[in-house]
1. Show me, for segment 104-116, the HN-Hα J-couplings you get by feeding each phi into the Karplus relation (A = 6.51, B = -1.76, C = 1.60, θ = phi - 60°), rounded to Hz, glycine and proline as x.
2. Just the projected area, averaged over all directions, of the convex hull on the alpha carbon atoms of segment 1-83: how many nm²?
3. Return the sequence-ordered ³J(HN,Hα) values of segment 63-80 in whole Hz as given by the Karplus equation 6.51 cos²θ - 1.76 cosθ + 1.60 applied to θ = phi - 60°, using x for Gly and Pro.
4. Near E50, within a Cβ-to-Cβ distance under 15 Å, what is the net charge of the other residues, with Lys and Arg +1 and Asp and Glu -1?
5. May I ask you to order 125-135, 144-154, 9-19 by the average number of other C-beta atoms within 10 Å around their residues, highest value first?
6. Under a no-solvent Debye model with one identical scatterer per Cα of segment 5-143, what's log10 I(q)/I(0) at q = 0.13, 0.14, 0.18, 0.20 Å⁻¹?
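What follows draws every value from the coordinates through simple rules; no lab data is involved. Please read all numbers here as calculations on a predicted model, not as lab measurements. Using ideal geometry, Cβ is built from the backbone for each residue, glycine included, and neighbour counts are taken over all protein chains shown.
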Amino acid sequence: MELVVARIGRAHGIKGEVTVEVRTDEPELRLSPGAVLGTEPATVGPLTIETGRVHSGRLLLRFEGVKDRTGAEALRNTLLIAEVDPAELPEEPDEYYDHQLMDLDVVLEDGTEIGRITEISHLPSQDLFIVERPDGSEVMIPFVEEIVAEIDLEEQRCVITPPPGLIDERDAVVVSARDEEAAEAADSADAADSADSGDKA
């Protein structure tokens, strides 16, 4: 099975190095020197990693046969693809490969169906589950401990505890409306108190 593990960014320096946007939790395993990776577009690869190092918090790679900045720039935006055994699991128990999470049913703790995971977006700050609702609409669920309570691969489900407004925007509006009503009621009470004080005076 093929797994996207990185996207090549801009060239770094003049000796063929490129910056890399990592899309795997195991870069030391998937993006180590000697690794042979497929590419998208396929015509660019396969690419063999010659060297790798971290510079200013970013991973820099150099590929065999790419010796200058021009060659490095030609690789920009190329996806790097590793061949992974579908039965293989990440080393950490709370980590998952994308293919394990795809098509999981997303439910609330009470069993309410939210939808199913159709895509996983890897952002610099966090990962997002793109969940398709039964009505065909989509909702984005941050893959963070505070929201994703359980991943059950045997039952093929993902249990979430979303904050108000994440799943249904109307929930957030209701909260806001209540706040406004409370504020209006408080203002009315203040106005009445002022009027009463004026009458007594």
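1. Karplus values, whole Hz, x for Gly and Pro: 5, 6, 9, 9, 7, 4, 7, x, 4, 6, 9, x, 9.
2. Seen from a random direction, the Cα hull of segment 1-83 projects 4.7 nm² on average.
3. 9, 4, x, 9, 10, 9, 5, 4, x, 5, 5, 5, 8, 4, 6, 6, 8, 9
4. Once positives and negatives cancel, what remains is +1.
5. 9-19, 125-135, 144-154
6. The Cα Debye sum returns log10 ratios of -0.65, -0.73, -1.03, -1.17.
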